[in-house]
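Inspection log for the structure reproduced underneath, given as structure tokens.
The values are calculated or read from the model by the stated rules, or taken from the named source; none is laboratory data. All values reported here derive from a predicted model rather than from experimental measurement. Backbone-built Cβ (ideal geometry, glycine too); neighbour counts: all protein chains shown. SASA here: full protein model, heavy atoms, side chains in, ligands and nucleic acids out. Shrake-Rupley method; radii C 1.70, N 1.55, O 1.52, S 1.80 Å.
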Amino acid sequence: MKLRLTLAATALIAFATSVSAETCAVDVEDPFDLEEAQINEIYTCIKEKMVEGYSKGDDPVAPVYREWAVTSTRPAVAGPHGNRLLQTFANDVAAEQYLKFADDGFVMPAGSVLAKESIKINKKKKAAVVGPLFIMTKGETGAAPDADDWIYSAVQPNGKPMKIKQSFCHDCHSGWSDSDSLAYPLEEVRVSN
Ligand code: HEC
């Protein structure tokens, strides 16, 4: 009896340790208070877990987007997208134009894909947790007439598709109509080509 209890206790401790080793602790409540060094630390801690989670389902972007062009020097908090830390990747079709961060005078080529990973600061858990992977895909002319031919999608941290409304995403993105609905990362973190 005693032995069994001890074993159970040992297993419990081992479990608790493995959980805390996986948790990416954060000591600020407001993501806007995060310093660059803290963000880099969070990213190092959570990076692998993000792709692992997104790739558990069958979304074709999830397992490949990290090989695409990264558009910022680190994740950053812009505000929209739930005050999450955001980092966008551009596929081969999109990268050349996207990385110009042009304000006007262009339309993204069909086949462009932008994938934006996100990290949420969970105040209760005092930890950084994986947020959804947000995706914009440019279709052929006429593919999505109400959304400037952009098709929006998102993958949950567990790899399952997120239920979204095209209009929910595009109502906000269409505010950047001069730059083909692209909002771009914060200026201070942009990586230009
Ligand atoms: C309230 C406004 C708003 C809504 C709603 C919104 N976005 Fe965004 N989105 C932004 C802003 C602002 C950025 C740029 C901020 C950044 O990446 O740091 C952005 C960036 C993006 C990017 C990177 C390409 C770019 O524009 O530079 C993708 C991909 C994206 N959003 C997908 C989505 C999807 C999918 C949805 C719907 C589920 C959505 N967005 C809803 C404001 C919004």
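Data overview
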{"item": "Any hit, segment 73-82, residues being hydrophobic (A, V, I, L, M, F, W, C), away from the ligand (no atom under 11 Å from the Cβ) and open to solvent by less than 50 Å² (accessible area, probe 1.4 Å)", "result": "no"}
{"item": "Single unsatisfied condition, ASP148 versus (1) open to solvent by less than 50 Å² (accessible area, probe 1.4 Å); (2) in contact with a helix residue (DSSP H, G or I) (Cβ under 8 Å, 6 or more places away or on another chain)", "result": "(1)"}
{"item": "Among the candidates ALA128, ALA62, residue that is in a loop (DSSP other than H, G, I, E, B) and either at negative phi or of a type in the set (Ser, Thr, Tyr) (or both)", "result": "ALA62"}
{"item": "Members of segment 163-185 found to be buried (at least 16 other Cβ atoms within 10 Å of the Cβ) and either among the basic types (Lys, Arg) or more than 6 Å from the ligand (Cβ to nearest atom) (or both), listed by number", "result": "HIS170, SER179, ASP180, SER181"}
{"item": "For LYS120: the one exception among (1) open to solvent by 40 Å² or more (accessible area, probe 1.4 Å); (2) charged (D, E, K, R); (3) out of contact with any Lys or Arg (no Cβ under 8 Å at 6 or more places or on another chain)", "result": "(3)"}
{"item": "Yes/no for GLY131 being open to solvent by less than 10 Å² (accessible area, probe 1.4 Å), within 19 Å of the chain's Cα centre (by Cα) and small (Gly, Ala, Ser)", "result": "yes"}
{"item": "Selection count, segment 85-106, where residues are touching a residue at least 40 places away in the same chain (Cβ under 8 Å) and open to solvent by less than 50 Å² (accessible area, probe 1.4 Å)", "result": "11"}
{"item": "Residues of segment 30-49 satisfying the condition of being within 15 Å of the ligand (Cβ to nearest atom) and surrounded by 16 or more Cβ atoms within 10 Å (Cβ to Cβ)", "result": "PRO31, LEU34, ILE39, TYR43"}
{"item": "Selected residue (criterion: nearest to the ligand (Cβ to nearest atom)) from residues of segment 148-162 that are part of a loop (DSSP other than H, G, I, E, B) and within 17 Å of the chain's Cα centre (by Cα)", "result": "MET162"}
